Amino acid sequence: MFIPIIPKPVLILHGEQGSTKSTLLELIKMLVDPSSIRTLSFPRDNKELVQQLSHNYITYFDNISNIRE
């Protein structure tokens, strides 16, 4: 995560309720990203998504059941 010139993987956590998925992602974000916003809501349009991705080093979205085309 700390080498800027290499591509970054997409981490997708899946598990039972209460298995600390969100806590793990918050911990990773606190260690790596200086942004004070921890959890973001998934944007409704592509422009918002681009803004969120450009303003955060790590972006994770909690509780997404589907993504529109």
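The values are calculated or read from the model by the stated rules, or taken from the named source; none is laboratory data. Bear in mind the structure is a predicted one, so any value in this text is a computation, not a measurement. Note: ideal-geometry Cβ built from the backbone for every residue, glycine included; neighbour counts use all protein chains shown.
Note on the stretch 17-69: residues that are loosely packed, with under 13 Cβ neighbours inside 10 Å, assigned to a helix (DSSP H, G or I) and either in contact (Cβ under 8 Å) with a residue 24 or more places away in the chain or among the charged types (D, E, K, R) (or both) amount to 2. Total residues in the stretch 23-53 satisfying the condition of being of a type in the set (S, T, N, Q), over 20 Å from residue 68 (Cα atoms) and modelled with pLDDT of 85 or more: the figure is 1.
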